[in-house]
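Written below as structure tokens is the structure these notes are about.
The values are calculated or read from the model by the stated rules, or taken from the named source; none is laboratory data. Everything numeric in this text was worked out from a predicted model, so none of it was measured. Cβ sites come from the backbone with ideal geometry, for glycine too, and all protein chains shown count toward neighbours.
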Amino acid sequence: MTTTIIPPAHLERIYHLLAATYGEPAWTPDYDPLGGLVGTILSQHTSDINSERAYQQLVATFPSWEEVRDAPTFQVAEAIRSGGLANIKAFRIQDVLLTLTEQQQEAGQSGSLSAYLYDEIEGDRRPGSRHLCKNYAA
């Protein structure tokens, strides 16, 4: 099998053509990295529409990530059923939330998991800060 690499100049030209036609893409951060992480888990092996439905149902069922973490796994799975692989994804979401809780407690911090993760990401931008996801490194 032959692999062809598209030259970067070609990609840049395509980008500029798209931007001229449709305008520069607007990106507005939502400042919710934990929601983004959960959304990424939900997006595995499903369509965007189904993962979005699962996410919306999850946040409608559980008002906080702490409630998702503490709920029985079968209830989380039921809330995200529309996204497919609900039993696997529910376990993974809760595992991530539990790991973040452990890291938060080890750091002697309190507050919401969303705020903790946001602060950790901002801290990772400072020189010499520890990497948040060290437990998941290969």
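Restricting attention to segment 13-39, report how many residues are closer than 19 Å to residue 115 by Cβ and either among the polar types (S, T, N, Q) or in contact (Cβ under 8 Å) with a residue 12 or more places away in the chain (or both).
Within segment 13-39, residues that are closer than 19 Å to residue 115 by Cβ and either among the polar types (S, T, N, Q) or in contact (Cβ under 8 Å) with a residue 12 or more places away in the chain (or both) number 8.
From 47, 43, grab the single residue that is under 30 Å from residue 92 (Cβ atoms), more than 13 Å from the chain's Cα centre (by Cα) and either at pLDDT below 90 or polar (S, T, N, Q) (or both).
47
Within segment 38-63, track down each residue that is of a type in the set (S, T, N, Q) and surrounded by 15 or more Cβ atoms within 10 Å (Cβ to Cβ).
43, 46, 50, 51, 57, 61, listed by residue number.
Are any residues in segment 42-88 of a type in the set (A, V, I, L, M, F, W, C) and more than 25 Å from residue 110 (Cβ to Cβ), and if so, which ones?
Answer for segment 42-88, where residues must be of a type in the set (A, V, I, L, M, F, W, C) and more than 25 Å from residue 110 (Cβ to Cβ): 42, 49, 54, 60, 74, 77, 79, 80, 85, 86, 88.
Residues being of a type in the set (Ser, Thr, Tyr) and part of a helix (DSSP H, G or I): count how many of those fall in segment 46-91.
Total satisfying the criteria: 5.
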